[in-house]
Every structure is written in structure tokens, then in C-alpha cells.
Amino acid sequence: MLPKEELKARVCREIDNGKEEAIGLARTILDNPEAGFLEVNTAKLISLKFTELGIPHRSGIGLTGVKGAVSGGSSGPSVCVMGELDSLIIADHPHADKATGAAHACGHNVQIAMLYSVAAAIVKTGVLPSLAGRVVFIAVPAEEGIEIEYRYGLIKQGKLHYCTGKAEFIRLGEMDDIDIAMMTHTSADLGNQKFAAVESMNGVIRKRVRFIGKSAHAGGQPHKGINALNAAMIAITAINAQRETFQDADTVRVHPIITKGGDAVNAVPADVRIESYVRGKTAPAILDANEKVNRALRAGAMAVGAKVNIVTIPGSMPLVAYPQLWSTYRGNAVSITSQQEIGNTGHRTGSSDIGDVSQIMPAIHPVCAGASGTPHGNNYLIKDYQLALINPAKAMAMTVIDLLADGAIGAKEVLAKSRPPMTKEQYVKSLDGLFAEEEYQG
Ligand SMILES: [Zn+2]
Ligand SMILES: [Zn+2]
């Protein structure tokens, strides 16, 4: 049984030694972006790396997810390190895929490289016999809840049940054998800080909306048509009219896009589609805003006599804070930076399905520096791989050691001091309760 400090020194040394390889992996993924539930090649790449490391794993979980695990010298809790496989779609990003517009504008490519670095550090350095429990490595699909039409199609075909990867992992029972989860997300706005805790994040509901009108000659006989685009525009204006009723403390965000505005310019649009998120800090705030959005959508249909089909799909749950787990991670982050370089972002108005995981087990999603540009913008890039990849890999590998060394005393303490709000069964039930489809004839 090696002392904890020796275990930590070994994993950090290995991460330093493997730096160029990890950066190469991050760059390869940057240049080969794949959006959620389509990350076939990215998944193959990490699967290959797991094979090279001798990590037993399975692929194709939740369509494209990869899960591997290794065991310590004795039994104990399971600690999971996650990395997200998916890109966004930002067609004018310098590293965008020319055919699909997919682009890594959220830094998930370095997350997979971090995951690899942590895995290599744990399995190549002889630390495992000194750990009590299992270390689980998950490359998880589809964190970004985009392309709702495509994912709703997969749900209809029975290939998916939820529209993000971690929710699907939970439902499939792939998180049942895990006690504690962590990941690290890159950030471009930390100032002088190198790491920061994310205290909470908005939850989200997703909408797929279809306005159905009647086509007719747009010049000759528009009076014989029903203009679905006009219905959609009135609906979006009506959504905007709700904004003054959203309370600041609820941090509600509603941001619809029109994904189809018509078929041909000389025909009255008869099939117009909208996708939207409805985000908020708490479940009641999200549900209240969601009902207002539904009302606005009906109003658009009512105004022109169109029909509207509103599909509501559960998205991600709000993120829950776990101070005990963060304090373990924080201690390790300090050891490679300094007290002054560790911050706290407070509440964030974006959403992530790590929120779902945090509803059922201790899970953290701190952010690290090293990116530049605007998140989800065409200029978001990793500018410092030491900060964005090597540092967080070390912080997570050392946190695994803290949790599972010395008979897993650290993990046991985290578990004793953490109170996840729900069981897995309660989580699945509450998510399933959000599915809704209504058709309204205006
Ligand atoms: Zn993102
Ligand atoms: Zn992200």
C-alpha cells in the first residue's frame, strides 16, 4: 500500500509524460467534430485508446457512449470520470466540418483528452492496488441538446428515450454501479483564475413545434392559404411578450429558433418548425415559463387559423452542489495552482445533463481556464492546453486517489455528507412526467 502522496506524484508524472499524446488526441477530435448521438468516430478513437491501455470497456451505450472500468486492490465505492463526446453545430467555426457544420465550440474535445489522460495515469502507474473500489471512465454522448427534430425522430423510433447522453446512461442503468461522478469543463471567462466551482446551473425543457397551415400560390391566391410562417412569427412575438413576467431570481431563458420557414418562396408556407429551450433555476420556474410558451404558441395558431403541434421533451435537470466533493477536488486544484487561482462561478444560466447525474449522486462539474473566445461562438478555441487539459486531468486523477486511497476513506466521507435529492427511480419518473404532445387548431 503506497502512501497517498506517492500515488498522486505518480499520476501527475504520467500525465506530464503523456502531455503531447493527449494534446494530439484533443486536436484530432477538434478537426473531426461530430454532433450528439453521431459521435461514431470520436467514440472509436477513445475506445481504441482504452484498448491500448488494457481497460475493459463497452461501446455503443446510448447509441455512441463508451464505458470502461478498472478495479482497485480491494472493494469499495465506484468513482466515475466523464468526458463529453459531442460537438456543436457552428458552421463558420474555423475547425467546423464542412459537410455537417459540426464544430467543437464548447471544448468537449479536450474533455475526451482529459478522460484519456486520467485513465492512462490510473492504469499505467501501479496505483490501482493501493485503491479500494473501482474507477469508471465514461465518454458520454450528446451533452448539447441540439437537433431536437433529429433526436425526437430517434425517440419515436425507439432508439433513444431521452435526448441527452447522461440522461440516457442513467435510464439504461449505466450509472447504477457508480457512486460519485466528476468531469471538468473548459471556460474562457475565468479571468486570473485557473479553476472554479460551478455552484448551480439552470435546468431545461426542450420543445419541438410544428405549425401546419395550407399552401397556396403566394402571389396569385394567398387568400386560399393559411400562412404557417405568420403563425410562427406571431408565436415568437407572443413568447417575447412573456419576458417581463419572468422573475430575475428564476434566471429563465427562452430562445426559440425557426428550423424550417417554408418550402418554396412562391407558395404560402404550410409547414414551419420551431425548436426551443425553456430554461430556469428551479422546476417550478421552468414549468411556469413552459406553460406561458405553450400559450404563446397556441396564440400564433389562433391568429391565422393554423394548427400547431407542440412536443415537450424533458431536457436537463438543475445542477446540485456537493461541497464535500468539491473541497476534495479543490485541494488538488490548489496543489497545482494556488489558493488565489481557484474561484466560484456561482449560478450559471446554461444547462448540462451533469445536472441529471447530480440529482441522484454526488457529482461535480467545475470549470478550468485555457479556452478563449465566446462559448458556442465561432471563435471558441483552446489556447492553453496546460490549463485546459493537463491541469484538470491532474486534479481529477488526484481526486480519484483522495477518494479511493486508504480504504476509500475520502469517498466514504463524501457519500456520508451528501444528500442527492432523488433516487434513480424518482428521477426517471419525474423526467417521464415532462413528456407532452398537444395539437391545437386555431
Ligand atoms: Zn456547450
Ligand atoms: Zn459544453
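The table below lists the values:
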quantity: Contour excess over end-to-end distance, with Cα ends at Thr349 and Thr374 and 0.36 nm allotted per residue; calculated: 7.5 nm
quantity: Rounded percent of accessible protein surface that carbon and sulfur make up, the chain, 1.4 Å probe; calculated: 52
quantity: Most mobile of Ser74, Ser358, Ser316 in a GNM of the chain (Cα contacts under 10 Å); calculated: Ser74
quantity: Pair Arg243, Gln339: separation of 7 Å Cα→Cβ label points (nm); calculated: 4.3
quantity: Bridge type composition, the chain - antiparallel percent by DSSP, nearest 5; calculated: 70
quantity: Taking the chain and dividing mean pair separation by its residue count, relative contact order in percent (alpha carbons under 8 Å, at least six apart); calculated: 21
quantity: Peptides 393-402, 23-32 ordered by average Cβ neighbours within 10 Å, highest first; calculated: 393-402, 23-32
quantity: Centre separation in Å (Cα based) which lies between the stretch 270-311 and the stretch 18-41; calculated: 36
quantity: The stretch 366-442 - accessible surface per residue (Å², probe 1.4 Å); calculated: 44
quantity: Residue-normalised accessible area of the stretch 43-178, given per residue in Å² at a 1.4 Å probe; calculated: 31
quantity: Axial C-alpha extent at least 15 Å, average Kyte-Doolittle at least 0.0 - helices from the chain (DSSP); calculated: 19-30, 40-52, 108-124, 228-240, 283-304, 391-417
quantity: Dipole magnitude (debye, nearest 20) for the stretch 222-362, charges at Cβ of Lys, Arg, Asp, Glu; calculated: 320
quantity: Tyr440/Lys159 FRET efficiency (R0 25 Å; Cβ-Cβ; nearest 0.05); calculated: 0.30
quantity: Protection proxy ranking of 280-288, 135-143 - average other beta-carbon atoms within 10 Å, highest first; calculated: 135-143, 280-288
quantity: Dipole-positive endmost among Leu404, Gly305, Gln386 within the chain (Cβ charges, Cα centre); calculated: Gly305
quantity: Cβ crowding within 10 Å averaged over residues, with 44-54, 256-266, 108-118 ranked highest first; calculated: 108-118, 44-54, 256-266
quantity: Point-charge dipole on Cβ atoms (K/R +1, D/E -1) for the chain, about Cα centre, debye to 20; calculated: 560
quantity: Accessible surface ranking that places the most exposed of Ser59, Ser372, Ser276 first, with a 1.4 angstrom probe; calculated: Ser59, Ser372, Ser276
quantity: Overall dimensions of the chain as given by Cα atoms, namely Rg and Dmax in Å; calculated: 23.0, 85
quantity: Square roots of five times the Cα gyration tensor eigenvalues for the stretch 1-110, Å; calculated: 30, 17, 11
quantity: Inter-label distance, nm, simple model (7 Å from Cα along the C-beta direction), Asp176/Glu291; calculated: 3.6
quantity: Residue among Ile180, Ile61, Ile313 with the largest mean-square fluctuation in a Gaussian network model of the chain, springs linking Cα atoms under 10 Å; calculated: Ile61
quantity: Residues listed by number, the stretch 160-185, amide nitrogen under 14 Å from Ser430 label point at 7 Å toward C-beta; calculated: none
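The values are calculated or read from the model by the stated rules, or taken from the named source; none is laboratory data. Predicted, not measured: the structure shown is a model, and the values here were computed from it. Here Cβ is always computed from backbone atoms with ideal geometry, including for glycine, and neighbour counts include all displayed protein chains. Note: accessible area is taken over every heavy atom of the protein model, side chains too, but ligands, DNA and RNA are not part of it. Shrake-Rupley method; radii C 1.70, N 1.55, O 1.52, S 1.80 Å.
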